[in-house]
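Beneath this line is the structure, given in structure tokens, with notes to follow.
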Amino acid sequence: QKEVEQNSGPLSVPEGAIASLNCTYSDRVSQSFFWYRQYSGKSPELIMSIYSNGDKEDGRFTAQLNKASQYVSLLIRDSQPSDSATYLCAARLPDYKLSFGAGTTVTVRA
Amino acid sequence: DAGITQSPRYKITETGRQVTLMCHQTWSHSYMFWYRQDLGHGLRLIYYSAAADITDKGEVPDGYVVSRSKTENFPLTLESATRSQTSVYFCAGQPGTSGNTGELFFGEGSRLTVL
């Protein structure tokens, strides 16, 4: 079992809608979680980090963490064509390595 | 500018050849990482380094060698390239020295094709 699993997608949403991305992790000891965005042919860039249970909002992005359910999600509100990318969920493991999910590709339809 | 520069950006080589991918950083990142990215697998950690002369294996280290004699350079060497090592390789760094926070800055990637 992979340490970090993401809903495989691809996900297609109309412009202005909410895109919802989900991620589960297997190691209960993981404490830090991250969402990276990767445009086609480009390198990943960090967009959100979350360390505590609950919601964390940054502009149109909201990350949600539920440690009891070992579940992390990312909501993109008012989706724009520029949000079309692959989103990578990552968890920091107890040995401090960062484990990534396979990614979910989001396409925002104009 | 994340301060991570990779070279070459594109490389084609043949099976059995030695290949070195270079990674240079200008932000005094303490931690540095090499990942490979393949369709369906996401990013997989090959090796990482906490500081000069300190390196450790990641998830998929077989067939790769790293060194870090200077803080700013972290080259990745494929000693005898195989077709399964065809991939996009990313070098990443983490600013600061306060431990591995997981907040990484990535280089632009090196696309390697092994024929």
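Every number in this text was worked out from the coordinates using simple rules, so none of it is lab data. Just so it is clear, the structure is predicted and the values come from calculations on it, not from any experiment. Glycine also receives a Cβ, built like all others from the backbone with ideal geometry; neighbour counts cover every protein chain displayed.
Please compute, for peptide A:97-105, the average count of beta-carbon atoms on other protein chains lying within 10 Å of each residue's beta-carbon.
On the way: counts 9, 14, 7, 8, 2, 7, 6, 0, 0.
Taking all residues of A:97-105 together, the mean is 6.
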Quick one: the Cα spread of chain A along its three principal axes, in angstroms, biggest first?
42, 29, 21
Based solely on C-alpha atoms, express the radius of gyration and the Dmax of the protein assembly as shown in angstrom.
17.5, 51
To the nearest 20 Debye, how big is the dipole of the protein assembly as shown about its Cα centre, given +1 on the beta carbon of each Lys and Arg and -1 on that of each Asp and Glu?
300 debye
Which residue fluctuates the most in chain B, going by a Gaussian network model with Cα springs under 10 Å, if the choices are B:16, B:93, B:40?
B:40
Output field shielding_mean for B:32-39 (other chain Cβ, 10 Å radius) holds 2
Just to confirm my numbers, what's the Cα centroid distance between the range A:82-101 and the range B:44-101 in Å?
17 Å
I'd like the distance between the alpha-carbon centres of the range A:1-62 and the range B:11-40, rounded to an integer number of Å.
25 Å
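For the range B:10-60, compute Rh as the Kirkwood radius over C-alpha pairs and then the Stokes-Einstein diffusion coefficient at 37 °C and 0.692 mPa s; write the answer in µm²/s, rounded to an integer.
Details: Rh = 13.0 Å.
Translational D for this selection: 253 µm²/s.
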Please list the three semi-axes, largest first and in whole Å, of the ellipsoid equivalent to chain B, using sqrt of 5 times the eigenvalues of its alpha carbon gyration tensor.
23, 14, 13
Can you put B:110, A:69 in order of Cβ neighbours within 10 angstrom, beginning with the fewest?
A:69, B:110
